[in-house]
Amino acid sequence: MGIFRYADKYAAPTKEQRERYMSGKSTEERFGPEGQIMLIEYSEAAYLKDDIDNVRILFTGFRDKRKARDEARRRADHHEHQAPHPNLFSPGSKVREGSETLPKKSE
């Protein structure tokens with residue numbers, strides 16, 4: 001059927017696409033660092049949300065839906081082997097641990 005790519009996290013499938021492909025039961029699976037890549041599978045489509053690159057992809061039809069899982073794994077692998085994304089959350093305990101190596105202010 002088709003693959004629809006949305007360039008940012010604010011773009012989304014149209015109302016017609018949601019009604020046609022994204023209705024009924026769904027399953028959700030997370031991939032990548034901190035589960036920031038989510039694959040939602042419906043009976044007639046799969047929706048891939050990559051919160052690291054802010055990309056959304058809707059795979060429709062049986063043939064293209066099969067590609068969604070491969071794309072999710074490819075994206076997860078890509079993100080696992082590159083430098084950490086600057087928007088990833090850092091707990092305060094890690095920040096405090098790292099601050100010991102900073103020079104102290106002189107009075």
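The values are calculated or read from the model by the stated rules, or taken from the named source; none is laboratory data. Source: prediction; values computed, not measured. Don't worry about glycine lacking a Cβ; one is built from the backbone with ideal geometry, like all the others, and counts go over all protein chains shown.
When you go through (1) within 24 Å of His78 (Cβ to Cβ); (2) surrounded by 12 or more Cβ atoms within 10 Å (Cβ to Cβ); (3) touching a strand residue (DSSP E or B) at 6+ places or on another chain (Cβ under 9 Å) one by one for Thr27, which number turns out not to apply? The failed condition is (2). The single residue among Ile37, Ile52 that is under 17 Å from the mean Cα position of the chain (by Cα) and free of Cβ contacts under 8 Å to residues at least 40 places away in the same chain turns out to be Ile52.
The test for being surrounded by fewer than 18 Cβ atoms within 10 Å (Cβ to Cβ), modelled with pLDDT of 90 or more and either within 16 Å of the chain's Cα centre (by Cα) or not aromatic (Phe, Trp, Tyr) (or both) holds for Glu19.
Residues of region 37-74 that are of a type in the set (Ser, Thr, Tyr) and either buried (at least 16 other Cβ atoms within 10 Å of the Cβ) or in a helix (DSSP H, G or I) (or both): Tyr42, Tyr47, Thr60.
Residues of region 8-36 that are outside any loop (DSSP other than H, G, I, E, B) and farther than 24 Å from Gln82 by Cβ: Lys15, Glu16, Gln17, Arg18, Glu19, Arg20, Tyr21, Thr27, Glu28.
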